[in-house]
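The values are calculated or read from the model by the stated rules, or taken from the named source; none is laboratory data. Since this is a predicted model, take the numbers as computed values, not measurements. As a convention, Cβ positions derive from the backbone with ideal geometry for all residues, glycine included, and neighbour counts pool all protein chains shown.
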Amino acid sequence: WGVVLAGNLAGTLLVAYVMLNLPIFDTSTDKAFLEIGHKVMENDVSQMFSKGIVSGWMIATMVWMIASMENAKIAIIILITYLMALGDFTHIVVGSAEVSYLVFAGELGWKDFWFTFAGPTLAGNIIGGSFIFALISHAQIRSEKDTTAKLERDRQDKAEKSRREKQQQTLKDADISMQNDI
């Protein structure tokens, strides 16, 4: 997980640097990228954290849904990321591209990147993602326990029924034997 996060952060920082420093976009597009980064940084530390919880939950839910929805993977990704953007939720990977663009443009320091954005957002993402996976795991384990308990009850009921049938057969055999003796 840590290696994937480090790779994602390195990639987003590189993309932000390249987007700013290579003549890829016109001036209005560069200004739009700066506005996006400033919009993220309008959040204070507690907002970064709380919005990070929601986006961590959403991404973890998306990952769980993708694993079980073979034909709707693209639609799920589009829906969840659209909802994240609509809600202005903070995410460590996506936001790193947006906020590091400000850093590379000289409009934000690395201290603010790490302590105002990255730290609180990452903590929120971890809590949100862990929460949903804990719920899913709990539900799955509970379901398995319920299924196991039902199977055990069914096995015991079947064994009890078989024992009663044998007991009744033994009584019938004894009754027949007594009638034959008379």
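Go through the stretch 61-81 residue by residue and tally those that are among the hydroxyl-bearing types (Ser, Thr, Tyr) and closer than 23 Å to residue 46 by Cα.
So the count comes out to 2.
Within the stretch 104-125, how many residues are in contact (Cβ under 8 Å) with a residue 12 or more places away in the chain and within 21 Å of residue 31 (Cα to Cα)?
Result for the stretch 104-125: 7.
Which one of these is among the hydrophobic types (A, V, I, L, M, F, W, C), surrounded by 14 or more Cβ atoms within 10 Å (Cβ to Cβ) and closer than 14 Å to residue 20 by Cα: 89, 104?
Testing whether each residue is among the hydrophobic types (A, V, I, L, M, F, W, C), surrounded by 14 or more Cβ atoms within 10 Å (Cβ to Cβ) and closer than 14 Å to residue 20 by Cα leaves just 104.
Within the stretch 18-36, can one find any residue that is in contact with a helix residue (DSSP H, G or I) (Cβ under 7 Å, 6 or more places away or on another chain), hydrophobic (A, V, I, L, M, F, W, C) and closer than 22 Å to residue 132 by Cβ?
No.
Answer yes or no as to whether residue 60 is at pLDDT below 95 and either buried (at least 19 other Cβ atoms within 10 Å of the Cβ) or touching a strand residue (DSSP E or B) at 6+ places or on another chain (Cβ under 6 Å) (or both).
Considered against the rule, which asks whether it is at pLDDT below 95 and either buried (at least 19 other Cβ atoms within 10 Å of the Cβ) or touching a strand residue (DSSP E or B) at 6+ places or on another chain (Cβ under 6 Å) (or both), residue 60 comes out as yes.
Condition test on residue 68, is it loosely packed, with under 15 Cβ neighbours inside 10 Å, more than 17 Å from residue 12 (Cα to Cα) and in contact (Cβ under 8 Å) with a residue 12 or more places away in the chain?
no
Return the only residue of 119, 129, 95 being modelled with pLDDT under 95 and surrounded by 15 or more Cβ atoms within 10 Å (Cβ to Cβ).
129
This table checks each residue for (1) more than 15 Å from residue 125 (Cβ to Cβ); (2) among the hydrophobic types (A, V, I, L, M, F, W, C).
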site: 2; (1), (2): no, no
site: 47; (1), (2): no, no
site: 67; (1), (2): yes, yes
site: 73; (1), (2): yes, no
site: 78; (1), (2): yes, yes
site: 93; (1), (2): no, yes
